[in-house]
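Engineer: Let me give you the structure first, and then I'll get to my questions.
None of the figures in this text is laboratory data; all of them are computed from the coordinates on show. Quick caveat, the model's predicted, so the values are computed rather than measured.
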Amino acid sequence: MNQHASKFERFSRRSAPVAGAIALLAAIAFQPVAAQSSSGGNAGSAAGSGMSGGTGGTGGAMSSGSGAASTASDSKLNRADSGMLRDIAQANIAEIETGKVALEKSQSDKVKKFAQMMIDDHTKALGEVQTLAQSKGVKLPDSPDMKHKAVMVEFKALKGDTFDKQYMKQAGVGDHKNTLELLKKTQSNAKDADVKALANKMIPVVEAHLKHAQSGGAM
């Protein structure tokens, strides 16, 4: 037993340095791999963070730019004044276009004379509205609204006295009442002095048209 123990102790003493050397080599070999892995992970995390931050920054900038673009407006008028200016333009366009239909359809010289006056006066008025709108940065309609497009379809289906009476009732009286109301509202409520002045200038002309239509003078 003592002999065997002595041999085991001599073997242990001889193998201990070898085992220690193996362990040391393993530790040295493992350390760079672990460090590389840790460094790679940190770098990846940092890169990911940088990309995320960059994307967020870009998104923020784009969002900010988009918001600025969407809220920016070239108009020098508030929304109410811009709306009234567009409505005035629309009223003039309607009178011009229905007047053209009357020139084509009517057999009455008086109705044709009235229609020509509507075309002339409202073309002049529309030009003034367009000039003001351009200076204020307001985009105007360039064709009749859906209501008046439907009215013109109705007019084109009528003939003779029926057409003349309907034209004078609709375009002569009805539309001029509405336009006069719009102009008076604009004169009272518009914040912009130029818009007020334009409405004030147009009121007497529209009143004269309405009076002419109501009196039957065009008939």
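Engineer: Tell me the Rg and the Dmax, in Å, that the Cα atoms of the range 115-205 produce.
Structural biologist: 15.0, 45
Engineer: Give, in nm to one decimal, the length gained when the segment between Lys185 and Ile203 is fully stretched (0.36 nm per residue of separation minus the Cα-Cα distance).
Structural biologist: 5.4 nm
Engineer: Another one. Can you tally the lysine pairs in the range 82-141 where the Cα-Cα distance is under 22 Å and the two residues are eight or more apart, or on different chains?
Structural biologist: Total qualifying Lys-Lys pairs in the range 82-141 comes to 10.
Engineer: Same structure, new question: Ser143 to Glu104: extension gain in nm, 0.36 nm per residue of separation minus the Cα-Cα distance?
Structural biologist: Length gained between Ser143 and Glu104: 12.2 nm.
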